[in-house]
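All remarks here apply to the structure that follows.
Where a number appears in this text, it was derived from the coordinates with a stated rule and is not lab data. Since we're looking at a predicted model, the values are computed, not measured. Quick reminder, even Gly has a Cβ in these numbers, built from the backbone with ideal geometry, and neighbours come from all protein chains shown.
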Amino acid sequence: EMSAEERAFQERIDAEIKIEPKNWMPDGYRKTLIRQISQHAHSEVVGMLPEGNWLTRAPTLKRKLQLMAKIQDEAGHGLYLYSAMETLGADRDEEIDKLHDGKVKYSSIFNYPTLSWADIGTIGWLVDGAAIVNQVPLQRTSYGPYSRAMIRVCKEESFHQRQGYQILLDLMQGGTDEQKAMVQDSINRFWWPVLMMFGPSDADSPNSAQSMAWKIKRHSNDELRQRFIDQTVPQLEFLGCTAPDPDLKWNEARGHYDFGEIDWSEFFDVLKGNGPCNRERIETRKQAIDDGAWVREAAKAYAAKQRARQAA
Ligand code: 3HC
């Protein structure tokens, strides 16, 4: 039986009125938003590492500048999202400690290594492409600050996807046979982990039902995964590449592409921390936080001095 407050809250959700920080909200709504937004922010920050691996080895100055801009964008996305999370009363340092202690998650995809320059193209095209399919509906999420952060993020993501696809198109249209093989190898390594980004299948998604009722999540994991595949296969064919999935083929009756079984044991293994790069990613993040402590202390000291000067 809903309380009067819960009923009023759900009516606001059903009327598509955004929930703002000052509004009453069920503890569960607050809790699941802190869970999702903090993990989303962690994903953006950890997501800079695989790309940073190729910053000093970009083949041209133009590609280096594009990659630098993309990485800076991801850092900014992380900061918008940590700020949106703080409006729910969560503490940024505490949430980052939980990441370092392996108590919370970040997107599984960032636990895979970037072994070639083509991976930078694949990440832009497939990883950011999947992130766009996931983030566009989040522009309409019921929590105001999260929705507004997503509107800003989505504007920047489309540039990321285009520059990634362009890297692969240049290699496929103008590259040597060896470079074309490098592109196909990259797609073979990232294809299935990218499909896992959308989360477990709907039958195994414990948070989905409640998140859909609260209009935090607008489409199910499987729905967005299918939407991503349907839009990506034509791009894959235009590249002249294939996916490592013999069951991938258009199903006229369904109006969608059929595709093979996802290896969920790999997904849950990566979530448990046993992916190729999990340990390295967290160690690098811990080191970065330690190395940056002096900057944060200096900024706080400066801010305190400013306040004292204004108060004087
Ligand atoms: N990686 C890691 N954990 C994942 C995951 C993934 N790809 N997919 C699901 N999970 C976790 C969930 O967090 C949940 O664990 P938790 O309860 O401890 O948080 C568990 O698996 C079960 O999944 P559910 O489907 O029940 O969880 P959700 O309803 O939260 O759905 C989600 C998962 C679709 C990822 C949703 O949380 C979401 O939309 N998050 C916001 C978007 C996001 O985080 N995107 C990351 C993409 S990378 C990115 O955006 C950076 C870009 O710039 C490249």
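Computed quantities for the displayed model
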item: Mean separation of Cα contacts under 8 Å, 6 or more apart, over the residue count of the chain: relative contact order %; result: 19 percent
item: Summed side-chain charge close to Ser3 - residues other than Ser3 whose Cβ falls under 15 Å, Lys, Arg +1, Asp, Glu -1; result: -3
item: Ascending count of other beta-carbon atoms within 10 Å, so fewest first, for Arg189, Arg92; result: Arg92, Arg189
item: Phi-based couplings in Hz for the range 256-267 (Karplus 6.51, -1.76, 1.60; Gly and Pro marked x); result: 9, 7, 7, 8, x, 5, 7, 7, 5, 5, 5, 4
item: Distance (nanometres) between label positions extended 7 Å along Cα→Cβ at Trp24 and Arg309; result: 4.5 nm
item: Over 18 Å [Cα-Cα, the range 26-72], rounded percent; result: 47 percent
item: For Leu168, Leu33, Leu49, order by how many other beta-carbon atoms lie within 10 Å, fewest first; result: Leu49, Leu33, Leu168
item: Summed side-chain charge close to Ala75 - residues other than Ala75 whose Cβ falls under 12 Å, Lys, Arg +1, Asp, Glu -1; result: -4
item: Three-way shape call for the range 131-182 based on the alpha-carbon gyration tensor, with the a/c threshold at 1.5; result: prolate
item: Net charge of Cβ neighbours under 14 Å - reference Gln210; Lys, Arg +1; Asp, Glu -1; result: +3
item: Exposure proxy order (Cβ contacts within 10 Å, fewest to most) of Thr114, Thr32, Thr60; result: Thr60, Thr32, Thr114
item: Global form of the range 1-152, assessed from the alpha-carbon gyration tensor, a/c cut-off 1.5; result: prolate
item: For the chain, fraction of C-alpha pairs farther apart than 27 Å, in %; result: 48 percent
item: Bins of 5 Å from zero: percent of alpha-carbon pairs in the range 121-222; result: 2, 13, 17, 18, 17, 12, 9, 6, 4, 1, 0
item: Size of electric dipole in the range 125-166: Cβ of Lys, Arg +1 and of Asp, Glu -1, about Cα centre, debye, nearest 20; result: 160 debye
item: Helix-only [θ]222 nm of the chain, DSSP H runs n ≥ 4, -39500 (n - 2.57) each, per residue, nearest 500; result: -21000 deg cm²/dmol
item: Sequence-distant residues sharing a close amide H with Trp214 (under 5 Å, placed H); result: none
item: Inter-site label distance for Tyr302 and Lys249 at 7 Å from Cα along Cβ, in nm; result: 6.2 nm
item: Shape of the range 181-305, Cα gyration tensor, a/c cut at 1.5; result: prolate
item: Contact order relative to length of the range 1-109, as percent, for alpha carbon pairs under 8 angstrom and 6 or more apart; result: 33 percent
